[in-house]
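Here's the structure we're looking at; comments come further down.
The values are calculated or read from the model by the stated rules, or taken from the named source; none is laboratory data. Remember, predicted model here, so these are calculated numbers, not experimental data. Reconstructed Cβ throughout: ideal geometry from the backbone, glycine too, with neighbour counts over all protein chains shown.
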Amino acid sequence: MSDHKTMWMVRAGRDAHLFDEFKSKEIVAIGWNETGDLSKLSTPGEIKQMVREKYPDYKLGKLNISASQISRFRFDFKKGDKVITYNPEKRIYLVGEILGDCEYNTKICEYFHIRKVKWLGEIPRDKLSASSKNTLGAISTIFKLTEEAEEEIIKLLKNKEESEEDTENEDAELDTIKEDMLAKAREFIKDKVLKLDWEEAQEIVAGLLRSMGYKTTISPKGPDRGQDIQASPDGLGLEDPKIIVQVKHRSGSVDRKEITSFTGGLRQGSKGLYVSTGGFSKDAKYEAERSTIPITLIDLDMLVELIIQYYDNFDAEARALIPLVKIYWPA
């Protein structure tokens with residue numbers, strides 16, 4: 001049977017203001033003081049109910065997260081498990097071993113739920129690999145480390161020499177983490193797009209075209225004969241290119257018949273843009289390729305890529321529909 005023990009991160013309060021107290025008093029602790037003695041609660045469900053009663057202003061998401069964090073501290077932490085906390089000012093991780101059960105103590109710390117710890121040593125953040133730094137960067141008060149990060153920390157704690165990563169390996173790790181974050185970001189933006197209603201989806205496509213330098217006209221409600229948006233350099237359709245846009249915002253893919261109907265309404269000299277958040281069937285793509293009038297198909301993936309690419313040029317109306325923030329990454 002494996003004697004592997006889990007390693008837990010426990011953050012030392014906002015901005016790690018309790019780090020020195022954790023260290024000197026040999027404890028880790030969490031707040032939610034109003035719940036009272038957790039030893040009287042025997043299931044996660046009871047903890048959730050207690051949080052609901054003591055913190056009635058919590059919305060459902062915050063309630064679930066808080067109850068989960070408290071339950072981990074009460075039920076999942078075991079004697080012998082490793083624990084780690086971080087001082088961002090000194091860029092030091094303090095590593096220890098849990099010695100006792102969860103206690104409710106109103107005198108030792110401003111956080112009343114505590115566990116006694118034997119501190120084993122400190123690890124400079126700069127000694128860790130990029131992947132371990134990424135793991136330790138999670139913002140939760142409590143979370144479980146990956147086995148890889150735990151093994152690296154234990155080796156460093158025991159002063160076992162590891163082969164130094166060269167710059168290329170470090171850059172490769174950072175690139176992998178960056179690509180993972182970008183992929184997650186794209187998926188979250190897709191989620192935002194799919195939550196738009198049909199009119200908002202039409203507005204975001206028009207906003208995208210405006211960010212690319214076109215002036216747009218959105219068709220009024222009612223039959224549009226396949227023309228949801230018209231775009232051109234002058235906004236009147238007198239200057240080329242004149243772009244006719246159809247927007248389908250639904251879960252099902254656009255089929256060949258719908259592309260045929262769209263192309264049938266286009267005139268020579270205009271260009272077609274068909275946006276479908278549900279994608280296109282194989283036959284629909286073939287029909288667009290064989291059209292005598294140029295047609296560009298944009299599915300959800302391409303729409304999100306274009307939103308990201310041109311977001312800096314979005315006007316206030318378009319930004320309000322898909323609010324995004326820029327994140328900087330080491331070059």
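Some observations on this one:
- Filtered residues of the stretch 98-136 (kept if surrounded by fewer than 18 Cβ atoms within 10 Å (Cβ to Cβ), aromatic (Phe, Trp, Tyr) and within 16 Å of GLU21 (Cα to Cα)): TRP119
- Subset of the stretch 41-57 [in a loop (DSSP other than H, G, I, E, B) and closer than 17 Å to HIS113 by Cβ]: LEU41, SER42, THR43, TYR55
- Hits in the stretch 294-308 - residues which are surrounded by fewer than 16 Cβ atoms within 10 Å (Cβ to Cβ) and of a type in the set (Val, Ile, Thr): THR296, ILE308
- If you check PRO294, PRO323 for being over 30 Å from ASP171 (Cα atoms) and under 19 Å from the mean Cα position of the chain (by Cα), only one passes: PRO323.
- Selection count, the stretch 38-89, where residues are of a type outside the set (Lys, Arg), closer than 24 Å to GLU26 by Cα and surrounded by fewer than 15 Cβ atoms within 10 Å (Cβ to Cβ): 5
- Restricting the stretch 297-315 to residues that are more than 19 Å from ASP197 (Cβ to Cβ) and of a type in the set (A, V, I, L, M), the residue that is nearest to the chain's Cα centre (by Cα): ILE308
- The residue that is farthest from the chain's Cα centre (by Cα), among those in the stretch 259-285 that are among the hydrophobic types (A, V, I, L, M, F, W, C) and under 11 Å from ILE295 (Cα atoms), is LEU266.
- Every pair of residues 6+ apart whose Cβ atoms lie under 7 Å, when the first sits in the stretch 112-136 and is more than 29 Å from ASN33 (Cβ to Cβ) while the second is among the aromatic types (Phe, Trp, Tyr): ILE123/TYR93; ARG125/TYR93
- Just one of the listed residues (ILE153, ILE139) is farther than 20 Å from ASP20 by Cβ, loosely packed, with under 13 Cβ neighbours inside 10 Å and not charged (D, E, K, R), namely ILE139.
- The set of residues in the stretch 251-271 being surrounded by 12 or more Cβ atoms within 10 Å (Cβ to Cβ), among the charged types (D, E, K, R) and under 17 Å from ASP228 (Cβ atoms) consists of GLU258, LYS271.
- Hits in the stretch 23-40 - residues which are closer than 17 Å to THR106 by Cβ and either in a helix (DSSP H, G or I) or over 26 Å from the mean Cα position of the chain (by Cα) (or both): LYS25, ILE27, VAL28, ALA29, ASN33, GLU34, THR35, GLY36, ASP37, LEU38, SER39, LYS40
- Which numbered condition VAL28 fails, given (1) at pLDDT 95 or above; (2) not assigned by TED's automatic domain parsing to the domain that holds LYS144: (2)
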